[in-house]
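The values are calculated or read from the model by the stated rules, or taken from the named source; none is laboratory data. The structure presented is a predicted model; accordingly, all values stated were derived computationally and were not measured. Every residue, glycine among them, receives a Cβ derived from its backbone with ideal geometry; neighbour counts consider all protein chains shown.
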Amino acid sequence: MRVTVFSTKPYDRRFLDAANAGLRHHLIYLEARLTAETSNLAAGSDAICAFVNDELTAGVLSQLAGQGIRLVALRSAGFNNVDLEAARTEGIAVARVPAYSPHAVAEHTIALMLTLNRKTHRAYNRVREGNFALEGLLGFDLAGKTAGVVGTGKIGEVVCRILAGFGCTVVAHDLHPNPACEGLGVRYVPVAELLSSSDVITLHCPLTPDTHHLIDDASLGLMKRGVMLINTSRGAVIDTRAVVRGLKDGIIGSLGLDVYEEEADLFFEDLSSRFISDDLFARLLTFPNVLITGHQAFFTQEALTSIAETTFANITAFEKTGHALHTVSVEKIARETR
Ligand code: NAD
């Protein structure tokens, strides 16, 4: 298959080339993000390969269909950036990588928690400057605290396992309780109870109309004062403006983000020689108790290997049978959320 691969960095190409070695799909690598302005770059291909901030809107999908694109192979688990209704209308199949390394994201989540709690990022700088004072570095024991996990699918389950290992009481909320989590002693509770009882809250649900701004002013009003909030799912699961208010009021004691509502214009690029024009993001950076990483939770060797292999498994299956291995469609979502 001839595949135009959007939003690629040198590291993507390394892992994709390795996985394609025996397959010999013809890959056209582009650094550009897929938008209405760049979609014509896919002309002549059978498929496109896209990442988390590529824009697969109705307009873009219509342009891609007009160019003969028959498959969108996502290099991600999340598919909130794809208008699935439009894909169906245009006759474009959509495939994703449903599972690569849940450990990668879960372990990064825990890294954010531990760093925020024990302030190792600040201690690192202090010690390098010969400052061995401890004032300002006080943390708390995670053992004995209540951790609330929203979404206990593949990633949430690993997070529950690690937190249970730390000696936390783990409560969770999900549309479908996960027996493996229940086996760990995780107690499923309504979301309001999770928000009001947790010392640490971590989000692992997909971005859907139901979870959009799940964390807003109303839900902040239920939380314990000084709660730690971690989001490695998708930016728009939290209302960033409400969270900034929560930080200023002291409701949120610390905030760890790997994703941000408007990350498409920021993340994955080196903007260090420019200024940040997003005032809300710039405001977040002013809080000493906020730690942000640029959508790197997935970024391990194991995850990139698995993403590349599953992406080509989807493309090769589509080439041979007309069906990708891991399709995502309106019908499938309706069945799964029933
Ligand atoms: P998954 O499908 O295995 O699990 C998601 C869970 O969320 C499911 O159990 C589902 O029932 C639950 N859920 C759905 N709607 C819910 C709701 N309204 N309330 C509570 N729970 C709800 O997915 P996963 O592999 O665990 O990934 C979770 C999310 O993590 C992805 O959708 C993606 O957005 C994000 N992610 C982020 C990164 C990163 O690098 N930061 C990498 C991979 C995935």
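Looking at the structure I just gave you, is Thr286 surrounded by fewer than 16 Cβ atoms within 10 Å (Cβ to Cβ), under 26 Å from Leu114 (Cβ atoms) and free of Cβ contacts under 8 Å to residues at least 12 places away in the same chain?
For Thr286, the condition - surrounded by fewer than 16 Cβ atoms within 10 Å (Cβ to Cβ), under 26 Å from Leu114 (Cβ atoms) and free of Cβ contacts under 8 Å to residues at least 12 places away in the same chain - is met.
Let me confirm something: among Ala19, Ala65, Ala73, Ala43, which residue is under 24 Å from Tyr260 (Cα atoms) and not charged (D, E, K, R)?
Ala73
Only one of these conditions is not met by Val170: (1) more than 11 Å from the ligand (Cβ to nearest atom); (2) of a type in the set (Val, Ile, Thr); (3) out of contact with any Leu (no Cβ under 6 Å at 6 or more places or on another chain). Which number is it?
(3)
Per-residue answers, yes or no, for (1) surrounded by fewer than 16 Cβ atoms within 10 Å (Cβ to Cβ); (2) under 13 Å from Ser7 (Cβ atoms):
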| residue | (1), (2) |
| --- | --- |
| Ala36 | yes, no |
| Ser45 | no, no |
| Cys49 | no, yes |
| Val52 | no, yes |
| Ala73 | no, yes |
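One residue is enough: does the range 145-165 have a residue meeting the conditions at positive phi, surrounded by fewer than 17 Cβ atoms within 10 Å (Cβ to Cβ) and more than 10 Å from the ligand (Cβ to nearest atom)?
So far as the range 145-165 goes, no, none of its residues is at positive phi, surrounded by fewer than 17 Cβ atoms within 10 Å (Cβ to Cβ) and more than 10 Å from the ligand (Cβ to nearest atom).
Can you say whether Val97 is at pLDDT 95 or above, of a type outside the set (S, T, N, Q), buried (at least 18 other Cβ atoms within 10 Å of the Cβ) and near the ligand (Cβ under 10 Å from one of its atoms), as far as the supplied structure shows?
Spelling it out, Val97 is indeed at pLDDT 95 or above, of a type outside the set (S, T, N, Q), buried (at least 18 other Cβ atoms within 10 Å of the Cβ) and near the ligand (Cβ under 10 Å from one of its atoms).
Please tell me if Gly78 is under 25 Å from Val290 (Cα atoms), modelled with pLDDT under 95 and either hydrophobic (A, V, I, L, M, F, W, C) or within 15 Å of the ligand (Cβ to nearest atom) (or both).
Taking the combined requirement at face value, the residue satisfies it.
Is at least one residue of the range 294-313 surrounded by 15 or more Cβ atoms within 10 Å (Cβ to Cβ), more than 19 Å from the chain's Cα centre (by Cα) and either among the hydrophobic types (A, V, I, L, M, F, W, C) or in a strand (DSSP E or B) (or both)?
yes
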